[in-house]
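Asker: A single structure is presented below for examination.
The values are calculated or read from the model by the stated rules, or taken from the named source; none is laboratory data. Note that this is a predicted model, so its numbers are computed, not measured. Reconstructed Cβ throughout: ideal geometry from the backbone, glycine too, with neighbour counts over all protein chains shown. Only protein heavy atoms, including side chains, enter the accessible area calculation; ligands, DNA and RNA are left aside. Shrake-Rupley method; radii C 1.70, N 1.55, O 1.52, S 1.80 Å.
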Amino acid sequence: MNLKMKLIITFTTVIAVPLFLITIIFMGFMSMQPAGVVTPQTKEFLIEMLLSVLLIMAMTSSFLVVWIYRSILNPIETLKKATRNIRDGNLDFEVAIEDTDEIGELCADFEEMRIRLKESTEQKVSFDSQNKELISNISHDLKTPITAIKGYVEGLLDGVADTPQKQEKYLRTIYNKANDMDRLINELSFYSKIDTNRIPYNFNKINVLEYFDDCIEDIGLELDEQHVQLSYNNEVSRDIVVIADAEQLKRVINNIVGNSVKYMDKNDKFIQIRVLDVGDFVQVEIEDNGKGIAAKDLPYIYDRFYRTDTSRNSSKGGSGIGLSIVHKIMEDHGGKVWATSKEGSGTTMYFVLRKYQEVPVNE
Ligand SMILES: Nc1ncnc2c1ncn2[C@@H]1O[C@H](COP(=O)(O)OP(=O)(O)O)[C@@H](O)[C@H]1O
Ligand SMILES: [Mg+2]
């Protein structure tokens, strides 16, 4: 039995039962009256009264039935359609909220649920597509060194490298390419730890001058091989110390310098690294004369998966996670990273670390 039928039965019963009782009482009352007391006019009047009451009650109840039916059934009908839409995977509709009563509240809650469901579905879709892109970029990045390694090994096997010098050059290239792959795999496994906050930090006091001197020596050797000129300028005094994880800080510098090399489009390649003392902080600036970043892209380069050049044919590969890792590490160090850039002429990346100050103990 549907709701409409139930409402009609309810209201008919509500009218019929009292009416039936009144009629019985009325009849009993009449039959108890001695003959002649009740005139035919009185009797007719009473019957008319009874019929009028019946009519009025019937009309009122019909009106109530229609009113309640509308205010319940219409929203239920809307919710039914909405539920079907969701079942079929369609979330692009709106549940109209017509009333502020309990059913209206139910519709409002339903609408909110739909909006949240839609948001989380969209998020999932975009995450899936980002993941797919990540996998395709990583495959590209891994394939490039593997292809080179295969080529050089074949060269060695076929005897193309026939002098010890050539052989050494081949082996060195193979070694460098294997290093590239190692770095990428490292970055990936590190990235997977970011999400679950499992980065194993090892914070220590680090002497800024010594640390950067050593670090730049390593980087200088690598840049030399890639024919990039490096200038380095450290202006902090000998005793400045920061609290940092040496390994992760190296990761930050490598990532930024790696980008400078990767996005370099000039023949004369320059990278300048400056370490400055700015009050309570040590500021590191890494400047390149590469292709630069457009102003519209600049705010997003730290977003994970964000790449300014997303064309699939891009020869650069890349996953777009490097700078998101940099950002996360700096955040966990209580520092900050930002960039300025001019398209076509170069980029400067900055990051700051708070100086460590011994709190004097009053003896
Ligand atoms: N020094 C730079 N010069 C030009 N573009 C850069 C530089 N550093 C970063 N970018 C831009 O920022 C994007 C994000 O960098 P990153 O997170 O390291 O990802 P990936 O290097 O894997 O593309 C890069 O795709 C690139 O477009
Ligand atoms: Mg990068």
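Asker: Give me the percent relative contact order of the chain, please, defined on Cα pairs under 8 angstrom at least 6 residues apart.
Answerer: 12 percent
Asker: Let me ask another. Using the crude model of +1 on Lys and Arg Cβ and -1 on Asp and Glu Cβ, and no other charge, please compute the dipole size for segment 195-329 relative to its Cα centre, in debye to 20.
Answerer: Rounded to the nearest 20 debye, it is 780 debye.
Asker: Here's a follow-up. Using the beta-carbon distance between ASP265 and LYS296 and R0 = 22 Å, what value does 1/(1 + (r/R0)^6) give for FRET efficiency, to the nearest 0.05?
Answerer: 0.70
Asker: In square angstrom, what is the accessible area per residue of segment 206-354 with a 1.4 angstrom probe? Intermediate values should be presented prior to the final figure.
Answerer: Details: 7290 Å² over 149 residues.
For segment 206-354, the solvent-accessible area averages 49 Å² per residue.
Asker: From the phi angles alone, apply the Karplus equation (6.51, -1.76, 1.60; θ = phi - 60°) to segment 187-193 and give each ³J(HN,Hα) in whole Hz, x where the residue is Gly or Pro.
Answerer: With coefficients 6.51, -1.76 and 1.60, one gets 4, 5, 5, 5, 4, 5, 7 Hz.
Asker: Still on this structure, please answer the following. Test of understanding: what is the full-extension gain from ASP309 to GLU210, defined as 0.36 nm times their sequence separation minus their Cα-Cα distance?
Answerer: 32.0 nm
Asker: Moving to a separate point now. Points 7 angstrom from Cα along the Cβ direction at LEU54 and TRP67: gap in nanometres?
Answerer: Between LEU54 and TRP67, the simple spin-label model gives 2.5 nm.
Asker: Taking the Cα centre of the chain as the origin and placing charges on Cβ (Lys, Arg +1; Asp, Glu -1), which of TYR300, SER341, GLN272 is farthest toward the positive end of the dipole?
Answerer: TYR300
Asker: If the limit is 20 Å between Cα atoms, which of LYS4/LYS81; LYS169/LYS262; LYS262/LYS291; LYS205/LYS250; LYS169/LYS269; LYS193/LYS328 go over it?
Answerer: Correct reply: LYS169/LYS262; LYS169/LYS269.
Asker: Can you compute the FRET efficiency between GLN226 and GLN130 using 1/(1 + (r/R0)^6), with r the Cβ-Cβ distance and R0 = 35 Å? Round to the nearest 0.05.
Answerer: With R0 = 35 Å, the Cβ-Cβ based efficiency is 0.70.
Asker: Would you work out the relative contact order for segment 206-354, in percent, from Cα pairs under 8 angstrom that are 6 or more residues apart? Spell out each step's value before the answer.
Answerer: Values: 248 pairs, mean separation 36.2, N = 149.
Relative contact order, segment 206-354: 24 percent.
Asker: If you don't mind, another one. With a 1.4 Å probe and all protein chains left in place, how much accessible area per residue does segment 129-195 have, in Å²?
Answerer: 67 Å²
Asker: Only Lys, Arg, Asp and Glu count, each charged at its Cβ (+1, +1, -1, -1), so figure out the dipole size of segment 185-273 about its Cα centre, rounded to 20 debye.
Answerer: 380 debye
Asker: Suppose every Lys and Arg Cβ carries +1 and every Asp and Glu Cβ carries -1, with no other charges. What dipole size does the chain come out with about its Cα centre, to the nearest 20 debye? Each step should come with its number before you reach the end.
Answerer: Details: 41 positive and 54 negative charges, 291 e Å.
With Lys and Arg at +1 and Asp and Glu at -1, about 1400 debye.
Asker: Continuing with the same structure: Per residue of segment 276-285, in order, report the coupling 6.51 cos²θ - 1.76 cosθ + 1.60 (Karplus, θ = phi - 60°) as ³J(HN,Hα) in whole Hz, putting x for Gly and Pro.
Answerer: Coupling constants for segment 276-285: 10, 9, 10, x, 7, 10, 9, 10, 10, 10 Hz.
Asker: Considering only the other residues whose Cβ falls under 13 Å of the Cβ of ILE271, what net charge follows from Lys and Arg at +1 and Asp and Glu at -1? It would help to have the intermediate numbers written out before the result.
Answerer: Values: positive: LYS262, LYS266, LYS269, ARG274; negative: GLU222, ASP224, ASP268, GLU285, GLU287, ASP288.
Its environment carries a net charge of -2.
Asker: Another question, then. Measure nothing fancy, just the Cα-based angle from helix 40-87's long axis to the longest principal axis of the chain, in degrees from 0 to 90, nearest 10.
Answerer: Once rounded, the angle reads 10 degrees.
Asker: Could I have the simple spin-label model distance between MET32 and ALA16, label points 7 Å from Cα toward Cβ, reported in nm to one decimal?
Answerer: 2.7 nm
Asker: What's the carbon and sulfur percent of the chain's accessible surface, probe 1.4 angstrom, rounded to a whole number?
Answerer: 57 percent
Asker: For segment 123-128, in order, what is each residue's ³J(HN,Hα) by Karplus, 6.51 cos²θ - 1.76 cosθ + 1.60 with θ = phi - 60°, in whole Hz (x at glycine and Pro)?
Answerer: Result, rounded to whole Hz: 4, 5, 4, 5, 5, 4.
Asker: Continuing with this model, one more query. Per DSSP helix of 4 or more residues, -39500 (n - 2.57); summed, then divided by the residues of the chain. What does that give at 222 nm, rounded to the nearest 500?
Answerer: Computed mean residue ellipticity for the chain: -21000 deg cm²/dmol.
Asker: On to the next question. Can you send over the solvent-accessible area of TYR201, 1.4 Å probe, protein chains only, in Å² to the nearest 10?
Answerer: Spelled out: TYR201, probe radius 1.4 Å, area about 60 Å².
Asker: How far is it, in nm, from the label point at VAL278 to the one at LEU171 when both lie 7 Å from their Cα along the line to the Cβ?
Answerer: A separation of 4.7 nm, rounded to one decimal place.
Asker: Residue separation times 0.36 nm, minus the C-alpha to C-alpha distance between LEU188 and ILE8: what's the value? Could you put the intermediate results ahead of the total?
Answerer: On the way: separation 180, 0.36 × 180 = 64.80 nm, distance 6.78 nm.
Once the chain is fully extended between LEU188 and ILE8, it gains 58.0 nm.
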